[in-house]
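Bear in mind that the values in this text are calculations on the coordinates, not laboratory data. Note that this is a predicted model, so its numbers are computed, not measured. We place every Cβ from the backbone using ideal geometry, glycine too, and count neighbours over all the protein chains shown.
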C-alpha cells in the first residue's frame with residue numbers, strides 16, 4: 001500500500017523527545033557492575049499508526065522504525081547494540097575463545113578443486129589470514145603457470161563490505177565480467193577486465209543482478225537490471241564493449257510485477273536464454289549465441305502452474321517440468337519445435353521421487369533425485385543400455401551435482417557430505433563406475449568423524465504426518481533428557497534443509513550439545529507435496545511440524561525444555577516467531593536471524609523487495625481469506641503479554657530481503673508486552689545485509705556471539 005510510505009510528518013514533532021532520551025541513554029551508558037537483569041534495555045517510543053484493510057484496523061506503535069534514513073532510528077538501533085554489549089560484557093572472554101576455536105578449524109591457506117572449461121583449469125584459493133578469495137586459472141594443465149584473474153583481498157581494501165558475484169569468461173578466454181556490491185543491497189555494478197593486459201575496462205554497468213552472459217562475438221553481453229526501489233530484476237539489456245552504457249538496448253522487460261527475469265548461456269555455449277519466473281510459473285526465450293543482433297524466441301509461453309527449466313545439447317532442448325507431473329519429469333524437444341505439444345518424455349513422473357536437477361553429457365544424463373528425504377544421483381546412458389544409482393551407505397547425508405562445464409567427458413563431478421562427514425568432492429567415471437575422491441574439507445585440529453553419531457527420527461505431526469528429524473551428537477552422549485540441544489528449521493519456498501556438515505558446529509557438539517534439523521513441511525524433502533502442504537492456507541503446518549519435532553526429541557530424552565534452543569533465519573525467522581508465540585514453554589531460548597516477522601505489513605507494501613513475487617508463496621493479503629489467515633500467525637501481530645524464553649534476534653541495516661525494521665519492531669513490541677525477565681537482545685550489523693558480514697572469518701564473530709548466548713543461558717562458563 002503506497003500509504004505505508006507516505007511522509008511521516010508526525011515523527012518530526014517527536015524528534016526533540018527522542019534526542020533527549022537517546023542522549024541520556026547513549027551518553028551516560030550503563031553501570032558495568034550491575035547484573036544483566038538489572039540493566040534497563042532501550043525503550044522504543046510508541047507512535048500510534050492505524051493500518052486499515054478489509055474493515056480491520058491494526059495498531060502499529062513502532063511503524064516509525066521503517067524510516068531507514070531517520071537519524072533517530074539509527075540511534076535506536078545503536079542503543080540496542082550498546083545494550084547487547086553491556087548485558088553480554090561478562091561473556092567477552094568466552095566469545096573470543098569460541099571465535100578463535102571456530103576459525104582455528106578453517107584451513108587458512110586453501111584451494112578449491114580445479115574444474116576444466118574451454119581449455120583452462122579454474123580454481124579459487126585463499127591465503128593465510130586473508131578474508132577474501134583469489135580467483136585463478138591455469139592453461140592446459142595443472143602444472144602450468146598460475147594466472148590471477150581477481151584478487152578480491154586487494155579489491156576490498158577500504159570497504160566495510162565487499163562481494164564479488166557473477167564471474168563469467170568470454171568465449172575467447174580473454175575477458176571476464178564480474179559484479180561488485182559494496183553495500184550488501186544486492187545492487188551489483190558489472191565490471192570488465194582484459195585478461196591479457198590486466199586492464200579494467202571503462203565499461204561499468206550499475207544496478208544489476210551481477211552476472212553478464214557473453215555472446216560468442218566476445219564483445220556483446222546481456223545483463224539484468226534491478227528496479228531501484230523494489231530490487232526486482234525486471235529488464236534484460238544488451239551492451240557492446242566500448243560503447244556508452246547509456247545507449248544500451250533494452251531486449252526484454254518483465255511487465256508482470258510478480259515475475260523476476262534473468263539471462264544466462266547454455267552449457268553448450270550455443271544459446272543465450274532469458275528466463276522469467278515466479279513461484280508457480282516460468283517462461284524462457286532463446287537466441288543463438290553466434291547471433292547477438294537477432295531476436296529472442298519464446299520456447300514455451302507462460303501458463304499458470306506450469307514450471308520448466310531448460311538446457312541445450314546438439315539439436316534438442318532438455319527440460320525439467322511439472323507439466324502433468326507434481327514431482328517433475330524430464331523431457332526433450334527439437335530446437336525448431338519447442339512448445340509443449342512437441343515435448344517428448346525421457347524420465348516419467350513418479351509419485352515417490354522428486355526430480356530436482358539434471359546435468360547433460362555427451363553419452364550420459366545425470367539426474368539428482370530425492371526420495372524419502374534423501375538425495376540420490378542417477379546415471380543414465382543416452383543409448384538406453386544401462387542406468388544405475390551411486391551408493392553412499394549412510395543413514396542421513398546429502399549428495400549433489402557439482403560443477404560440470406564440459407560435455408565431452410565420461411566424468412561427472414559431485415559433492416557429498418553428511419552430519420559427520422566433511423564436504424567431499426568426487427569425480428565419478430560413468431562407464432567404469434570408479435569413484436575418485438579429489439578433496440575432502442580439511443578440519444584443522446583433532447577432528448575425527450568416528451567420534452560423532454548421526455541419527456534420523458520421525459515426529460508425528462498434528463495431522464498424523466511423519467516428519468523427519470536429522471540429529472548429530474558426540475558419541476557417549478546419554479539420552480537422559482539432560483543434554484542441551486539446538487533445533488534448526490526453515491520450511492519455506494520448497495528449500496530442503498539437508499543434513500550438511502559444519503566444522504563450526506563442533507564447538508557445540510564437543511560441549512555436549514545435540515544438533516537437530518527439523519525437515520518440516522514447506523521444504524521439499526519428501527517431494528513437491530511436502531512443499532505445497534506448507535504454504536498459503538496450509539502454512540501453519542510448518543509451525544506445528546516444528547513443534548512436533550521439538551516434542552519428539554524431548555520425548556526421546558535427547559533434551560528437555562530447560563535445555564532446548566531453536567534457530568531459524570529469514571523465513572526460518574518467521575518460523576521462530578510463530579512457534580515462540582504458540583509454544584514459548586517449549587524452549588529455553590530462541591535465535592531468530594534476519595527474521596521475517598511483520599507478515600501483513602510487508603505483504604501489503606509492494607515497494608518492498610520480494611513482496612509482489614511472493615503472493616503465490618504466502619497469499620495476497622488484499623484478499624480477505626489470506627489476510628485473515630496470515631494475521632492469525634504473523635509473529636509481530638501475535639505478540640502477547642505473557643512469558644517468553646530468552647531470545648536473540650539479529651539483523652543487518654542494509655538487508656534487502658528482510659528489512660531491518662521488521663526485527664527491530666518485533667523486539668520493541670516484545671519488550672513492551674512480555675511479562676518475564678528473560679534476556680532479549682537485538683544485534684544489528686550496521687555495515688551488512690541479509691547474509692551478514694562479508695569475508696570468510698568476520699562472519700563468525702556473530703556465530704560466536706550466538707553460541708555464547710546459548711552457553712550463558714545454560715550457565716556454562718569457561
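Using only the Cα atoms of the stretch 111-227, what do you get for the radius of gyration and for Dmax, in Å?
Cα-based Rg and Dmax for the stretch 111-227 come out at 14.4, 45 Å.
Testing the spin-label approximation: label points 7 Å from Cα along Cα→Cβ at residue 453 and residue 155. State their distance in nm.
The modelled label-to-label distance comes out at 4.7 nm.
Between residue 115 and residue 642, what length comes free when the chain is fully extended (0.36 nm per residue of separation minus the Cα-Cα distance, one decimal in nm)?
Gain on stretching residue 115 to residue 642: 184.1 nm.
Relative to the longest principal axis of the C-alpha atoms of the chain, give the angle of the C-alpha long axis of helix 624-633, reported between 0 and 90° and rounded to the nearest 10°.
Its long axis makes an angle of about 60 degrees.
If R0 is 25 Å, what FRET efficiency do you get for residue 174 and residue 298 from their C-beta distance, rounded to 0.05?
Approximately 0.15, to the nearest 0.05.
Please report the spacing between the Cα centers of the stretch 359-383 and the stretch 113-191 in Å, no decimals.
Comparing the Cα centres of the stretch 359-383 and the stretch 113-191, I get a distance of 30 Å.
Can you compute the helix-only [θ] at 222 nm over the chain? Use -39500 (n - 2.57) per DSSP H run of at least 4 residues, normalise by all residues, nearest 500 deg cm²/dmol.
The per-residue figure over the chain is -5500 deg cm²/dmol.
Tell me the relative contact order for the stretch 574-636 as a rounded percent, counting alpha carbon contacts under 8 Å between residues six or more apart.
Computed over the stretch 574-636, the figure is 40 percent.
Averaging over every viewing direction, what projected area does the convex hull of the Cα atoms of the stretch 354-441 cover, in nm²?
Quarter of the Cα hull surface area: 5.7 nm².
Express in whole angstrom the spacing between the alpha-carbon centres of the stretch 569-591 and the stretch 657-718.
The two parts, judged by their Cα centres, are 13 Å apart.
In whole angstrom, how long is each semi-axis of the equivalent ellipsoid of the stretch 109-152, when you take the square root of 5 times every eigenvalue of its Cα gyration tensor and sort them from largest down?
Equivalent ellipsoid of the stretch 109-152: 19, 9, 9 Å, largest first.
What ranking, highest mean first, results for peptides 636-646, 272-282 when packing means the other Cβ atoms within 10 Å averaged over each residue?
Sorting 636-646, 272-282 by mean packing, highest first, produces 272-282, 636-646.
Can you give the relative contact order of the chain as a percent, counting alpha carbon pairs under 8 Å and 6+ residues apart?
Dividing the mean separation by the residue count of the chain yields 10 percent.
Please compute the modelled spin-label separation between residue 607 and residue 696, points set 7 Å along Cα→Cβ, answer in nm with one decimal.
Here the modelled spin labels are 4.2 nm apart.
Mind jotting down the distance between the C-alpha centroids of the stretch 391-436 and the stretch 616-649, whole Å?
One Cα centre to the other: 42 Å.
Which order do the peptides 45-56, 374-385, 706-717 come out in when sorted by mean C-beta neighbours inside 10 angstrom, highest first?
The packing order, highest mean first, is 706-717, 374-385, 45-56.
Between residue 532 and residue 200, what is the label-to-label distance in nm when each label sits 7 Å out along the Cα-to-Cβ direction?
Distance between the two pseudo-spin positions: 5.0 nm.
Would you mind checking the tilt of helix 540-555 against the longest principal axis of the Cα atoms of the chain, expressed as 0 to 90 degrees and rounded to 10?
70 degrees
Ordered by packing density, taken as the mean number of other Cβ atoms within 10 Å over each peptide's residues, highest first, how do 483-491, 519-527, 235-243, 666-674 rank?
With the highest mean Cβ count within 10 Å placed first, the list reads 519-527, 483-491, 666-674, 235-243.
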